[in-house]
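First up is the structure itself, then whatever we jot down about it.
Values in this text are rule-based calculations from the coordinates and carry no lab data. Source: prediction; values computed, not measured. Cβ atoms come from the backbone with ideal geometry, glycine included; neighbour counts cover every protein chain shown.
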Amino acid sequence: MLDRVEVVQGDITQQQVEAIVNAANNSLLGGGGVDGAIHRVAGPELLEECRKLRGCPTGEAKMTRGYRLPAKWVIHTVGPVWRGGNYKEDEYLAQCYQNCFALIEKHQLKTVAFPSISTGAYRFPLERATRIAVAETVNFLKGNNFVEKIVFVCFNIRVYDCYVNELKSIQ
Ligand code: ADP
């Protein structure tokens, strides 16, 4: 099952996959970090479609087209802002992955790339977020044979090392 999980260092907007996941905010109207990068590459049509979605609650996920991205689809999910750990941050982050996987299953997507949700501007501790990302992914793949590849796209070496170590530790 882990043979279907890949870790790469790079830019998620350049991934040749069917869908990429966006770490968006509640407005879905664009922002900084990975969200800004995705909107820049996808073009203004993405913002237009996002406007029609009327936002997204934390922990949920909504799908749009990818427009000028190599990826045909974008799954927008809203991670929790880290507030010390006592505000259900772990649960909300797990829900992000679960709701993305629900859409992946529903639309029969075979190849999907994820960024490290909530660990940038939203300040979720990286190792803790990585444990949740990997656990939810493994849990999903155990019950799904259709998905061919889940790629964790790490923007820097620190994030990359963290994913590699977490995957090693569960093997
Ligand atoms: P959040 O608000 O959910 O914390 P951010 O975009 O601030 O979202 O950060 C989430 C993660 O995405 C961070 O690890 C950040 O380094 C990373 N990131 C930023 N730009 C990109 C990109 N173009 N491709 C992949 N990951 C990115």
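Footprinting exposure proxy ranking of LEU103, LEU109, LEU53, fewest other C-beta atoms within 10 angstrom first, gives LEU53, LEU103, LEU109. Note on LEU167, LEU2: ascending count of other Cβ atoms within 10 Å places them as LEU2, LEU167, the fewest first. With a Förster radius of 30 Å applied to the beta-carbon distance between ARG51 and ALA135, the computed FRET efficiency rounds to 0.30.
Estimated purely from DSSP H runs of n ≥ 4, each contributing -39500 (n - 2.57), the mean residue ellipticity at 222 nm for the chain is -12500 deg cm²/dmol once divided by its residues.
Here's the list of lysines a cross-link from LYS149 could span, going by alpha-carbon distance under 21 Å and ignoring same-chain residues fewer than 8 apart: LYS62, LYS72, LYS106, LYS110, LYS168.
From the alpha carbon centroid of the stretch 99-171 to that of the stretch 1-59 is 14 Å. With a/c under 1.5 counting as rounded, go ahead and sort the stretch 2-170 into rounded, prolate or oblate using the C-alpha gyration tensor (a ≥ b ≥ c being the square roots of the eigenvalues; past the cut-off, prolate if a/b is larger than b/c, else oblate). Judged from the Cα gyration tensor, the stretch 2-170 comes out rounded (a/c under 1.5).
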